Amino acid sequence: MPRVVVDVTLKPEILDPQGQAILGALGRLGYTGVTGVRQGKHFELDVADGTDESVVARIAETLLANPVIEDFTIRPTA
């Protein structure tokens, strides 16, 4: 059974308070060189052989992501 990964992230124009908090914490912990952080969601779906990527895209659009404020990418795993 193949596995597909769907990563969901906020669109670039949407403020990411959690990413901002992580960035601030990195500085307080002494980490330098990181200039931005964006957080997101990671989903792994086990799908039947031959499942079309368009089916996974519909799942992502209707259940996993909010298309108004989020983008998603789909990729098979090895």
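The values are calculated or read from the model by the stated rules, or taken from the named source; none is laboratory data. Fair warning: this is a prediction, and the values are worked out from it, not measured in the lab. Don't worry about glycine lacking a Cβ; one is built from the backbone with ideal geometry, like all the others, and counts go over all protein chains shown. With ligands, DNA and RNA removed, areas are computed over all heavy atoms of the protein, side chains included. Shrake-Rupley method; radii C 1.70, N 1.55, O 1.52, S 1.80 Å.
Given the Cα atoms of the chain, and with Rh set as the inverse mean 1/r over their pairs in the Kirkwood sense, what is Rg to Rh to two decimals?
Numbers: Rg = 15.7 Å, Rh = 14.2 Å.
With Rg and the Kirkwood Rh in hand, the quotient comes to 1.10.
With every protein chain kept in place and ligands, DNA and RNA left out, what is the accessible area per residue of the chain? Probe 1.4 Å, answer in Å².
71 Å²
Roughly how big is the chain's charge dipole about its Cα centre, with Cβ charges of +1 (Lys, Arg) and -1 (Asp, Glu), in debye to the nearest 20? Walk me through the numbers before you get to the answer.
Working: 7 positive and 11 negative charges, 80 e Å.
So the dipole magnitude of the chain works out to roughly 380 debye.
What is the angle, in °, between the Cα long axis of helix 17-28 and the longest principal axis of the Cα atoms in the chain? Nearest 10 is fine, range 0 to 90.
Roughly 50 degrees, rounded to the nearest 10.
With runs of 4+ DSSP H residues as the only contributors, calculate the mean residue ellipticity of the chain at 222 nm using -39,500 (n - 2.57) per run, divided by the residue total and rounded to the nearest 500. Intermediate results must be reported in sequence, preceding the final value.
Details: 2 runs with 19 residues, N = 78.
Value at 222 nm, helices only: -7000 deg cm²/dmol.
At what distance in angstrom do the alpha carbon centres of region 48-74 and region 1-24 lie from each other?
Spelled out, the Cα-based centre of one part sits 15 Å from the other.
Within the chain, what whole-number % of the accessible surface is contributed by carbon and sulfur, with the 1.4 Å probe and all protein chains included in the calculation?
That fraction is 57 percent.
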